[in-house]
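The values are calculated or read from the model by the stated rules, or taken from the named source; none is laboratory data. The structure presented is a predicted model; accordingly, all values stated were derived computationally and were not measured. Backbone-built Cβ (ideal geometry, glycine too); neighbour counts: all protein chains shown. Areas reflect the complete protein model, heavy atoms only, side chains present, ligands, DNA and RNA absent. Shrake-Rupley method; radii C 1.70, N 1.55, O 1.52, S 1.80 Å.
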Amino acid sequence: MKVEIWSDVVCPWCYVGKRQFEEAVSRFGHADEVTVEWRSFELDPTSPPQVGMSMDRLLQRKYGMSEEEARSANHRMTELAAGVGLEYHLDNVRPGNTFDAHRLIHLAGTHAWAVP
């Protein structure tokens with residue numbers, strides 16, 4: 001079975017979903033028959049290379065959240081990530097455009113030393 005997963009490298013939900021997917025596949029009776037093809041998806045292709053604001057502020061601006069709502073959303077995301085063994089520090093995130101990161105990943109995929 002081939003599974004295509006569309007993901008952005010900076011998406012905190014995508015990484016949590018990756019962990020949950022890996023767990024589900026490990027319990028699947030035919031895990032050795034599962035292949036994954038990762039696809040690039042940019043959450044915000046119009047974003048400049050560096051946004052210059054905190055993740056809290058970005059959520060406030062992008063989704064019309066209050067300061068408290070944004071802080072709370074990031075806190076919930078951090079707790080959700082911890083539940084699947086990830087350690088998030090969203091207060092230190094430096095948002096920006098991910099196009100070049102996706103290009104680099106695809107370039108790495110053309111070399112034999114690339115990590116699947």
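Note on segment 30-43: residues that are assigned to a loop (DSSP other than H, G, I, E, B) and open to solvent by 80 Å² or more (accessible area, probe 1.4 Å) amount to 3. The residues of segment 61-80 that are outside any helix (DSSP H, G or I) and surrounded by 14 or more Cβ atoms within 10 Å (Cβ to Cβ) amount to a single one, M65. Cβ-Cβ distances below 6 Å connect the following pairs, each with a first residue in segment 73-88 that is among the aliphatic types (A, V, I, L, M), a second residue that is open to solvent by 70 Å² or more (accessible area, probe 1.4 Å), and a separation of six or more residues or different chains: V84/R19. Look at (1) open to solvent by less than 50 Å² (accessible area, probe 1.4 Å); (2) farther than 22 Å from L107 by Cα and you find that D8 fails only one, number (2). Scanning segment 41-76 for residues that are modelled with pLDDT under 95 and of a type in the set (S, T, N, Q) turns up T46, S47, Q50, S54. Among the residues making up segment 85-99, a single one is more than 14 Å from the chain's Cα centre (by Cα) and either open to solvent by less than 50 Å² (accessible area, probe 1.4 Å) or at pLDDT 95 or above (or both): G85. In segment 100-115, the qualifying residues are those that are in contact (Cβ under 8 Å) with a residue 60 or more places away in the chain and more than 13 Å from C11 (Cα to Cα), and the one that is surrounded by the most Cβ atoms within 10 Å (Cβ to Cβ) is I105.
Residues in segment 1-34 that are in contact with a strand residue (DSSP E or B) (Cβ under 9 Å, 6 or more places away or on another chain) and among the β-branched types (V, I, T): V3, I5, V9, V25, V34. Applying the criterion of being of a type in the set (G, A, S) and surrounded by fewer than 11 Cβ atoms within 10 Å (Cβ to Cβ) to the residues of segment 11-29, the residue that is farthest from T78 (Cα to Cα) is G29. Cβ-Cβ below 8 Å, separation at least six or inter-chain, first residue in segment 1-27 and among the acidic types (D, E), second part of a strand (DSSP E or B) and exposed (fewer than 14 other Cβ atoms within 10 Å of the Cβ): which pairs? Matching pairs, first to second residue: E4/E37; E4/R39. Looking only at residues in segment 47-60 that are touching a residue at least 12 places away in the same chain (Cβ under 8 Å) and outside any helix (DSSP H, G or I), the one that is nearest to Y88 (Cα to Cα) is S54.
All told, T46 meets the bar of being surrounded by fewer than 10 Cβ atoms within 10 Å (Cβ to Cβ), more than 21 Å from M1 (Cβ to Cβ) and of a type in the set (S, T, Y).
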